[in-house]
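Quick notes on the structure that follows.
Only the coordinates and a few stated rules stand behind these numbers; no lab work does. Keep in mind it's a predicted model, so treat the numbers as computed, not measured. Positions of Cβ are generated from backbone atoms using ideal geometry, with glycine treated the same way; all protein chains shown enter the neighbour counts.
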Amino acid sequence: MTDREREADILMKKFVRVIKWCLVLTLAGSLLVIGRQTYDSWRNEQASAEAAQIAGLSESGRAAPSRPPASEDAPLPDPLPDEASALAEIDLAALQAVNGDVAGWIMIPGTELSYPVMQGEDNQYYLSRSWKGEANASGSVFLESTCDKALTDFHTIVYAHRMRNDTMFGTLKYYNTLDFWQKHPSVYVAAENGDIYRYDIFAAHEVSTKGIIYRLDIEENRLEDELIRACLENSAIDTEIVPTGEDRLLTLSTCTATGRVDRWVVHAVLRAQYKSAR
């Protein structure tokens, strides 16, 4: 072997070692990130379970049996349906004693989606904090900072992360099929004023963050019908539920699995209102 060949061989071996170390470091970094995310998710679920306990919700309330969607012409049911009975005596004041940013509680019967709803001064704070305000990458479920806490706006938006283990808003991705919607057609929200709202889901789709869904001037510019039309025309499912501009809408917003700036949204329309026992 010539001197030049020997030098080339040494350089190649060094290059291979460098590549190996880079791969090892990359793998270690990836495992560290995954481990951190898993730990944060676990901590967040523990905090949410603590919130349920403080609010007086039983674990059974997180997985109550669901029911078919009601007809638009049906009378408003009274009292609170069994599927959401866990919310009947919810103690939001106890949660607010821990953190005054608690705005309510959201639940989709038959799923793991049952969490306190926060509202910060902006839409960044609870992206990376638990309901108690502790740093956590899993974040919280939180209300658009400009929306009325009593949920009286025409269009109310609620945000949360799409977690891989289906916690937070991870279950929303399943609303791309009618089968899942039929099993879980409603969203219940308990507000701090003592009202409990039932919203029936009518559309779900992927949407640009620049579109009408995220406009905050809908009522001001009388865009109610345009918003409803955008929801229905782009929906991945046909529920045959058609809201009007006189209704009140709830949009649940989360990220997509694509990594793009688009979002996955689930739209629901207010169909019943109840009073809690407290």
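Please list the radius of gyration and Dmax for region 207-278, considering alpha-carbon atoms only, with Å as the unit.
In Å, with Rg to one decimal and Dmax whole: 13.9, 43.
If you take every residue apart from Leu151 with its C-beta less than 13 Å away from the C-beta of Leu151, what net charge results, scoring Lys and Arg +1 and Asp and Glu -1?
That sum, taken over residues with Cβ under 13 Å, equals -3.
Cα centroid distance between region 205-278 and region 136-150, in Å?
Each part reduced to its Cα centre gives a spacing of 16 Å.
What does the C-alpha gyration tensor say about the overall shape of region 102-209? Classify as rounded when a/c is under 1.5, otherwise prolate if a/b is larger than b/c, or oblate.
The shape class here is oblate.
Suppose R0 equals 41 Å. What FRET efficiency, 1/(1 + (r/R0)^6) with r the Cβ-Cβ distance, do Arg222 and Lys275 give to the nearest 0.05?
After rounding, the FRET efficiency stands at 0.85.
How much length would be gained if the chain were fully extended between Gln53 and Arg215, taking 0.36 nm per residue of separation minus their Cα-Cα distance, in nm to one decimal?
Gain on stretching Gln53 to Arg215: 54.7 nm.
Between Arg17 and Tyr174, what is the label-point separation in nm under the 7 Å Cα-to-beta-carbon projection?
Once both label points are built, they end up 5.3 nm from each other.
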